[in-house]
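**Q** Input: one structure, supplied below.
The values are calculated or read from the model by the stated rules, or taken from the named source; none is laboratory data. All values reported here derive from a predicted model rather than from experimental measurement. Positions of Cβ are generated from backbone atoms using ideal geometry, with glycine treated the same way; all protein chains shown enter the neighbour counts.
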Amino acid sequence: MEQAEKIMQLHKMIEELQSIVYISSHDLRSPLVNIDGFSGSLTNNCKQLRKLLANEKISEDVKKEVLDLLQETIPEDLMFITEGTKKMKTLINGLLEVSRVGTVEVKMENLDMHKIIENIIANVSYKTKELGASITIQSDLPPCHGDSTQIDQLFSNLIDNAIKYLDPKRKGHIHISGHREYGQNHYCVKDNGIGIHKNQQKRIFEVYHRLDPNDTVGGEGLGLTIINRILARHNGTIRLESTPDEGTEFFVSLPISN
């Protein structure tokens, strides 16, 4: 039975890696096309500039053309190249972070979940104060068995996402609760944010997926991918319930403490 579970877990990790490779190759191709295209455009502009400057008798029209190249066309090309490079750097850094979660040594120990959540809340206190939001914790969160760094990262991502997607039309509130049932701990991160539409609820666990690619909340869309990898290494699970314009609840199950 244990061997069958390990094989299933291995197949799941292989499928996840295949998904990461496929989506990453697709997403990395777009900035590469931009970098290649605008680099070629910049090279041609520089050649044109050299030809113009080689002419001893430069007319006013030519001067204007040179100035346009120097002040508008070339800086614009450079901007697109810079943006493409930044995008690639962000994607690669995200992939490295996902990779580290799967390869770093896991040190399992009994964890005081109340203390971990309190520290996370302290780290985001400036952000929540700025938004006028509040975060509360159930007083008797059950302790769990896990790697302190990865469990901290897991709940940091969930709480950070909850903060990012609070509804600006009302006072934001996030509540973390937990209970023990059927030999596992079950934790819930609940918010009263913008919520997630039903057709998006499965897709948010995909690599690089964001609720709105044009939003201003930042991030690479890898938070839930990292959470899934952490849970795979802890024999844990995650699911969500959400209603648009009302809020979202993420339910996480983790091993009980020894």
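**Q** Collect the residues in region 60-79 that are of a type in the set (A, V, I, L, M, F, W, C) and exposed (fewer than 12 other Cβ atoms within 10 Å of the Cβ), keeping them in residue-number order. Walk me through how you get there before you give the answer.
**A** So the first thing to find is which residues in region 60-79 are of a type in the set (A, V, I, L, M, F, W, C), and the list is 62, 66-67, 69-70, 74, 78-79.
Residues satisfying the conditions are LEU67, MET79.
**Q** Before we move on, is PRO143 under 17 Å from GLY247 (Cα atoms) and at pLDDT 90 or above? Step through it out loud before you land on a result.
**A** On the way: under 17 Å from GLY247 (Cα atoms): no; at pLDDT 90 or above: yes.
For PRO143, the condition - under 17 Å from GLY247 (Cα atoms) and at pLDDT 90 or above - is not met.
**Q** Within region 218-233, does at least one residue satisfy the condition of being part of a loop (DSSP other than H, G, I, E, B), at pLDDT 80 or above and under 21 Å from the mean Cα position of the chain (by Cα)?
**A** Initially, region 218-233 is screened for residues part of a loop (DSSP other than H, G, I, E, B), giving 218-222.
With the extra rule that they be at pLDDT 80 or above, the set shrinks to none.
No - not one qualifying residue is present in region 218-233.
**Q** Would you point out which residue out of LYS64, LYS47 is more than 30 Å from PRO31 (Cβ to Cβ), at pLDDT 75 or above and part of a helix (DSSP H, G or I)?
**A** On the way: LYS47 fails: more than 30 Å from PRO31 (Cβ to Cβ).
Of the residues listed, the single one that is more than 30 Å from PRO31 (Cβ to Cβ), at pLDDT 75 or above and part of a helix (DSSP H, G or I) is LYS64.
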